[in-house]
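Everything below concerns the one structure shown next.
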Amino acid sequence: MKVTDHIKEGKDTVISFEILPPLKGKTINSIYDHLDPLMEFKPAFINVTYHRSEQVFKKKADGTFDKVEVRKRPGTVGICAAIMNHYKVDAVPHLICGGFSKQETESALIDLAFLGIDNVLIIRGDAAKNETLFEPEPNGHRYAIDLLKQVADLNNGIYLEEDIRDGSKTQFCIGVAGYPEKHFEAPNLQTDLKYLKAKVDAGADYVTTQMFFDNKKYFDFVKACKETGIDIPIIPGLKPITSKKQLSVLPRTFHVDIPTDLSNEILKCKTDADVEVVGAEWLLMQSKELKKFGVPVLHYYTLGEPHVIVNTVKQIV
Ligand code: FAD
């Protein structure tokens, strides 16, 4: 079932989760161990992130280095199929531009369609670790909108090979990323919103936001989206803070602010166990306020912290 149908059919705010694929070498059971405690909340869907490979230098016996491609986490197609099969819940694979040619993207989309996966979250991906700015693959996509147009084409039965006539039409429900605190490369929020609106005009069905810790940023973003003519569901992404280190890691990695009230409380904590309590209370406060506002979905980035999410969601469903 499509994310937008879950939203339409949900009587109230629905719950969804996001997970990372396990590190290479682990089995699918590590995903089930992570998800099992979360399934009592009957999530409408589960997103699975995509992580491109990295180039690393490995020292050889003669002292010179070899450049090798390292893939730390497997792709999303198999994991999504396993989740859908195991839990009978919809899985949403993230598809990125980085590292993919259009042909490889098309093959992945065909595999997803064959598996009955009819949701995708379309994003660009960040620059590779050895690049300053994002560079597409030869014959790949530069911006998320270009990848989105490929999915929209496939939804209309248009394949890369022009001689495929009467090709079957895929049914993908397409999500895209939105940034209440703007994307870090955008010169300003208005410009970022102009490009978000272009994604909506090209066929995006809903937006999932970057994490934020100040609900006002989300409320202002929703208002600004409406004023720009963006009239699709905007799903808030939420994450608990669970360690002092995250006070600097999260702003550096995700380009988000931590409100002073929250950072002050965290700085007072003696241990990370204390930080977890503060982070969980903050997440609960955010969740309750967003639910009251009438958000369509509360989407939780579970990363390594399902127990905190379990305790929070218990108090709001
Ligand atoms: P785009 O929409 O392409 O935008 C990138 C930048 O270019 C923005 O500054 C935008 O304003 C600008 N822009 C857009 N279109 C144009 C245009 N036509 N001309 C000029 N400028 C333009 N990353 C992963 O690697 N894997 C994941 O699984 C993943 N999941 C994510 C999930 C969510 C909900 C979010 C919010 C982010 C996720 N990311 C993930 C991170 C994402 O890949 C990065 O933030 C990336 O830098 C931007 O992706 P985008 O889809 O927003 O890019």
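The values are calculated or read from the model by the stated rules, or taken from the named source; none is laboratory data. Given the structure is predicted, the values throughout are model-derived calculations rather than measurements. Neighbour counts run over all protein chains shown; Cβ positions are idealised from the backbone, glycine included. In case anyone asks, the SASA skips ligands and DNA or RNA and just uses the protein heavy atoms, side chains included. Shrake-Rupley method; radii C 1.70, N 1.55, O 1.52, S 1.80 Å.
Can you return the aspartates and glutamates within cross-link range of LYS197? Criterion is Cα-Cα under 13 Å, with same-chain partners fewer than 8 residues away left out. Of all the aspartates and glutamates, those that pass the test against LYS197 - Cα under 13 Å, at least 8 places apart if same chain - are ASP205, GLU227, ASP231. Could you give the distance between the Cα centres of region 1-78 and region 162-208, to the whole Å? Measuring centre to centre over Cα atoms gives 21 Å. Placing a pseudo-label 7 Å from each Cα along the Cα-to-Cβ vector at ALA61 and GLU162 gives an inter-label distance of 5.5 nm. For GLY140, the residues whose amide H sits under 5 Å from its own are LYS102, ignoring neighbours fewer than 5 places away on the same chain, with H placed 1.01 Å from N. For region 73-132, the equivalent ellipsoid built from the Cα gyration tensor has semi-axes of 23, 13, 9 Å, listed from largest to smallest. Note that region 300-317 has calculated 3J(HN,Hα) couplings of 9, 7, 7, 5, x, 10, x, 5, 5, 5, 4, 5, 6, 4, 3, 8, 10, 8 Hz, one per residue in order, obtained from phi through the Karplus relation 6.51 cos²θ - 1.76 cosθ + 1.60 (θ = phi - 60°); glycine and proline are x. On the basis of the beta-carbon distance and an R0 of 35 Å, ASP272 and SER101 show a calculated FRET efficiency of 0.25. Here the Debye sum runs over all C-alpha atoms of the chain as equal scatterers in vacuum, and log10 of I(q)/I(0) at q = 0.12, 0.14 Å⁻¹ comes out as -0.86, -1.19. Ligands, DNA and RNA left out, the accessible area of the chain computed with a 1.4 Å probe is 52% carbon and sulfur. Applying 1/(1 + (r/R0)^6) with R0 = 45 Å to the Cβ-Cβ distance of LYS194 and ILE28 gives a FRET efficiency near 0.65. Protein heavy-atom accessible surface, 1.4 Å probe, per residue over the chain: 50 Å².
Using only the C-alpha atoms, the convex hull of region 187-315 corresponds to 114 Å³ per residue. The mean of 1/r over all distinct Cα pairs in region 1-93, once inverted, gives the Kirkwood hydrodynamic radius of 15.3 Å. For region 269-317, dividing the convex hull volume of the Cα atoms by the residue count gives 68 Å³ per residue.
For region 32-168, the Stokes-Einstein estimate of translational diffusion at 4 °C and a viscosity of 1.567 mPa s comes to 77 µm²/s, using the Kirkwood hydrodynamic radius over alpha-carbon pairs.
Report the charge-dipole magnitude of the chain in Debye, nearest 20, computed about the Cα centre from +1 at each Lys and Arg Cβ and -1 at each Asp and Glu Cβ. Mind showing how you got there, number by number?
Values: 40 positive and 44 negative charges, 127 e Å.
Roughly 620 debye for the chain.
When peptides 60-66, 81-87 are sorted by average Cβ neighbour count within 10 Å, with the highest value leading, the order is 81-87, 60-66.
In a fully extended conformation the segment linking PHE293 and VAL310 would gain 4.0 nm over its present Cα-Cα distance, using 0.36 nm per residue. Checking every one of the chymotrypsin sites (Phe, Trp or Tyr not before Pro) in region 116-222 against DSSP loop status and a limit of 13 other Cβ atoms within 10 Å picks out PHE184.
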